[in-house]
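Below you'll find the structure, written out as C-alpha cells, and then a few comments.
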C-alpha cells in the first residue's frame, strides 16, 4: 500500500513540476451540483415574499420575515444602514435543522451602524433612508432597490434569482425560535464554531442572489483570475462563471475565469456618473455570473440604433455559493474612490510595511546552501545591482519539515543571517501548512498528541500528500492550534542577530496533491464540526493571521512581513500576495497588471508577479521587459522554478545587465514615493496602484484599459508586453489641460487620449502627472537599508496653472513608533514661482535627511537663480541651470524637518 501511495505522490509531483495546468482536473459549473442548480433558476420566477406586516424597526435597521411561498419556509431578513454610505442585507433560516456557517474574522471589527429612517411603510413596500441613500423593500416578489439621492443604482433580486436551499424535511422542534445575529469579533476566529455536526446528511444548502446595476458600463473585481480587469459576460462563447475557490493551479492559463489561489467576492459596477460596489461575505465555493448588456445585446442595440431608441446599459451579477447565509454589503459610492474606502472600512487596510520590503526581492526554488546565499549577494554587490531580501524555498528545511533547518546545507542559520544583515540585507523563508507525518518530528508528534489536525468525515486524522509526501493539516480554526502555531515563530528568532526572519506562506489553499481538485475534501471536519466546504476560502487567511500575530509576538516593535498565496477579503491586514505560478511568456507578463489592479481594487494593494515568470526560461527581451514593468508593482520579486536555468540579473550580457540595473535603480529611487503611498493607504484606505477609471471616472475611454497602472495619482506606467516593440499606444487621460511628463527626457505631453510613444529596449513609457511633486532618492546603494540617511531630490511637475503639490512620509522604516506620533508627514507645494514645505501633522521625528536637488518640469523660462529661506539657513542664493525644459536647483541643503521656501528669481 505504501508503494501505491508513493507512486500516486510521484505522479502528482511530476504533474506539478513538469506540466501546465490541466483544465479537466478542475470543475466547470455543470460539474458542480449546486452551481448547476442555482444557475438554472428561472429569471422573473421568484418564490420569495416579504411579510412587511411583521416589520421590526430600530434606529439602524429593519427586520422582517421572508417566506419561501412554494415550500412555506420562514427566513429572517435584516437591512442595516452602515456608516460611510453602506447597507448590509442579511438573511438566514429562522428554524434550520442545522445552523448555517457565518464567516468570522474577515471583517475588520463590527461595522459601525448609521441612523436609518422609515419614510414609508405598508404591506407592499417599505422605504428607508440613511443620509442621501435610500432603500426600497418590495413585498411580492421580494426585491430591494437602492438609490443614491434620486438615482437607482442597484437592485437586489431584480431578476428573481434569490434562493436559500434547505432540507425539505419536517420542521425542527425549535420552529418559531428566531436566531439572533451573532456579534462579530474580527480577532476571535473561534467564535461561531459551536459543535453541531452529526451523522445525518445536511442536504443542499446553497445560497443565490442577483444584483442588477442599472446604467453600469463595466464591472470589476472578483480576484483572483488571470483575466482582463473588466469582467466579461459569462455564458457568451462558452465563458464559464467566475469561480471563487482557492486552488493550487500551476502554470495557469490566462484569459480565463478559472479559480486560482485567491477568492475575494467583491465587485464594483461603474459608469461615468456613478460607481457602486457589492461585497458577498461567504467563505464557501462560489460562482459568479456576469451579464453586461453591452456584450449581450449587440443585435438589439443595432435595432435600437436604427429605430432611434436609446439603449441604456446595465450589468448584472449573480452570486451562487455552496452554503452559508446571505450576508451582502452594498457600497453606495458614488465614485470609485468612495467605494474603495467603503470596502477597506469593512475589511481593513494593509498596515505600513517595513521600508525594505518595498525594495527588490531575490528568490528561486531553491538557493541550496548557505554559501549559495552568500555568493548571490556578493555577486549583486560586485555588479553594482541593489537587492534587499534573499528568499529560501522548501529545500532549506530538514526533509521538508517546517520550523527546522537542513543540518548540512543550512547548519548555521544565525551566522547566515548575520552575514546578510551586515550588508543591509534580510531573509524570508517559506512555511507551508502541511505537516510531514514523520516519527520524531516535533510538530507532527505534538499535533498528534494534542489532537490538532483536521479530521476526516469519520473522525480520523486526515492524511493527504504534498511536498513532504504523507502530510496532515493543522486545524487553524481551533483556538488552541491558532495560539500554538503563533508560538512556533519564536523558533526563528536568533539572539545577537540584527535581522528577523520573515515568512512566506505558500500552498495554503490548502494544496493537497492527491485531493479532489488538488485540495482538501469538502467533507473534512474542522473545529466545532464545521465541514471544510463551509470555510474553504478562509483557510488561507486564518493561516496568515496566525503568522502575522506570531511574528508580532516574536518581536512586538518590528512590523511583520508575510507573503501569502491563498487569500480572501481582509487578507491585506496580514500579508502581501503574488500572482502565483506564472509562466515565462508574454501573456503572463501582460496579465500581471490587470491581476494586481483587480487585487488593489479589492483592498489588497501589496501585490506583485514573479519577475521573469516562475516556470520555464524567459528570453532576454522578455526578462528585461518584466523587470521594467515589475518595478511599478507594489511587491517586486524575481522567482524561478527549480528546473529553470539560473537567471540572477548579473549572469547576463553587459547590455542586459545595464538595462536591468537601470530598472532596479529606478525602483530604489522611487522608494520614498512607494513608502509614502503605503502610509496614505493605511491612513485613507485608497489603493496604492489604480486603474485609469479610478482617477478618471468620467472618461468612458478608459473603462477597458488594463495595461496601464497609476501609482497613486501621480505616476502613469504603460506595460510593454509584446516582443520587438518600437512604439506604444499610450492613453494619457485628463484632457488638454492635463500635462504628463515623460520621465526619460521630461518631455511634456497633453492628456489627449491615445498617443503614440516611441520605445526601445532601454525602458517602457512612464510619466509624471502635471501637478505632482515626487520625492526620490537618486544615490545608488546596494540596499534600501543603506539609503535611510541619503538626501532627497524633489521632482516638481507643473500643471497648466504652473502649480504642483506632493507629500512625503518619513519614519524609522521598521517599527511601530509611528503610531506614537514619531514620524514626519510633509506637504510640498509650488505656486507663484515658490516651492514651500510644511508639516501636515503636528508630529516630529529626528530625521537628518535633507533636500539635495529640485527638478522643476515645465518650469518658467529665464530663471536666473533661486533663493531659499528657512529658520536655520536664513536666505541663501542657490545655483540653477536648465536641462532641456527642466530647471535644476542644486543643493538647497535644508533638512526635511524644517519648513522652507524656495523662490525663483
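The values are calculated or read from the model by the stated rules, or taken from the named source; none is laboratory data. Model, not experiment: these values are computed from the prediction. Virtual Cβ from ideal backbone geometry, glycine too; neighbours counted across all protein chains shown.
Looking at the stretch 873-899, which of the residues that are part of a strand (DSSP E or B) and within 38 Å of the chain's Cα centre (by Cα) is nearest to residue 768 (Cα to Cα)? I'd like the intermediate steps shown before the answer.
Filtering the stretch 873-899 for residues part of a strand (DSSP E or B) gives 874-878, 880-883, 886-890, 895.
Narrowing the set further to residues that are within 38 Å of the chain's Cα centre (by Cα) leaves 886, 895.
Values: 886: 13, 895: 25 Å.
The qualifying residue nearest to residue 768 (Cα to Cα) is 886.
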Residue check for residue 717: assigned to a strand (DSSP E or B), touching a residue at least 60 places away in the same chain (Cβ under 8 Å) and within 24 Å of residue 886 (Cα to Cα): yes
Filter result for residue 222 (surrounded by 24 or more Cβ atoms within 10 Å (Cβ to Cβ), on the phi > 0 side of the Ramachandran plot and modelled with pLDDT of 95 or more): yes
Condition met for residue 590 (surrounded by fewer than 24 Cβ atoms within 10 Å (Cβ to Cβ), over 18 Å from residue 433 (Cβ atoms) and under 19 Å from the mean Cα position of the chain (by Cα)): yes
Positions within the stretch 235-248 being more than 18 Å from the chain's Cα centre (by Cα) and touching a residue at least 60 places away in the same chain (Cβ under 8 Å), in sequence order: 236, 240, 241
Whichever residue in the stretch 564-590 is in a loop (DSSP other than H, G, I, E, B) and out of contact with any helix residue (DSSP H, G or I) (no Cβ under 8 Å at 6 or more places or on another chain) and, among such residues, is farthest from residue 284 (Cα to Cα): 581
Every pair of residues 6+ apart whose Cβ atoms lie under 8 Å, when the first sits in the stretch 336-363 and is at positive phi and in contact (Cβ under 8 Å) with a residue 12 or more places away in the chain while the second is crowded, with 23+ Cβ neighbours inside 10 Å and outside any helix (DSSP H, G or I): 348/570; 348/603
Out of 190, 184, 140, sole residue that is at pLDDT below 55, in a loop (DSSP other than H, G, I, E, B) and either in contact with a helix residue (DSSP H, G or I) (Cβ under 7 Å, 6 or more places away or on another chain) or surrounded by fewer than 17 Cβ atoms within 10 Å (Cβ to Cβ) (or both): 190
Conditions (1) in contact with a strand residue (DSSP E or B) (Cβ under 7 Å, 6 or more places away or on another chain); (2) within 30 Å of residue 418 (Cβ to Cβ); number of the one not met by residue 434: (2)
In the stretch 32-54, the residues that are closer than 19 Å to residue 138 by Cβ, buried (at least 17 other Cβ atoms within 10 Å of the Cβ) and modelled with pLDDT of 95 or more: 41, 48, 50, 52
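Considering every residue within the stretch 646-660, establish whether at least one is under 26 Å from the mean Cα position of the chain (by Cα) and not in a helix (DSSP H, G or I).
no
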Leading residue by the ranking (surrounded by the fewest Cβ atoms within 10 Å (Cβ to Cβ)) among those in the stretch 882-897 that are without any contact (Cβ under 8 Å) to a residue 40 or more places away in the chain and within 15 Å of residue 852 (Cα to Cα): 890
Residue in the stretch 441-464 that is in contact (Cβ under 8 Å) with a residue 40 or more places away in the chain and under 26 Å from residue 579 (Cα atoms) present: yes
The stretch 104-129, residues that are under 34 Å from the mean Cα position of the chain (by Cα), surrounded by fewer than 22 Cβ atoms within 10 Å (Cβ to Cβ) and without any contact (Cβ under 8 Å) to a residue 60 or more places away in the chain: 112, 113, 114, 115, 129
Test: residue in the stretch 684-691 that is touching a residue at least 12 places away in the same chain (Cβ under 8 Å), touching a helix residue (DSSP H, G or I) at 6+ places or on another chain (Cβ under 6 Å), surrounded by 21 or more Cβ atoms within 10 Å (Cβ to Cβ) and not in a loop (DSSP other than H, G, I, E, B): yes
Residue in the stretch 117-130 that is closer than 30 Å to residue 604 by Cα, modelled with pLDDT of 95 or more and in contact with a strand residue (DSSP E or B) (Cβ under 7 Å, 6 or more places away or on another chain) present: yes
Options 818, 795; residue that is touching a strand residue (DSSP E or B) at 6+ places or on another chain (Cβ under 9 Å), buried (at least 18 other Cβ atoms within 10 Å of the Cβ), touching a residue at least 60 places away in the same chain (Cβ under 8 Å) and closer than 26 Å to residue 561 by Cα: 818
Residue among 603, 612, 570 that alone is crowded, with 24+ Cβ neighbours inside 10 Å and touching a strand residue (DSSP E or B) at 6+ places or on another chain (Cβ under 6 Å): 612
Residue match in the stretch 638-654 (condition: crowded, with 18+ Cβ neighbours inside 10 Å, touching a strand residue (DSSP E or B) at 6+ places or on another chain (Cβ under 6 Å) and modelled with pLDDT of 95 or more): yes
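How many residues does the stretch 367-387 hold that are free of Cβ contacts under 8 Å to residues at least 40 places away in the same chain, touching a helix residue (DSSP H, G or I) at 6+ places or on another chain (Cβ under 8 Å) and part of a helix (DSSP H, G or I)?
Total satisfying the criteria: 0.
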Residues of the stretch 237-280 that turn out to be closer than 16 Å to residue 340 by Cα and either in contact with a strand residue (DSSP E or B) (Cβ under 7 Å, 6 or more places away or on another chain) or modelled with pLDDT under 95 (or both), as a count: 14
Any hit, the stretch 85-96, residues being over 29 Å from the mean Cα position of the chain (by Cα), more than 29 Å from residue 540 (Cα to Cα) and either buried (at least 19 other Cβ atoms within 10 Å of the Cβ) or free of Cβ contacts under 8 Å to residues at least 60 places away in the same chain (or both): no
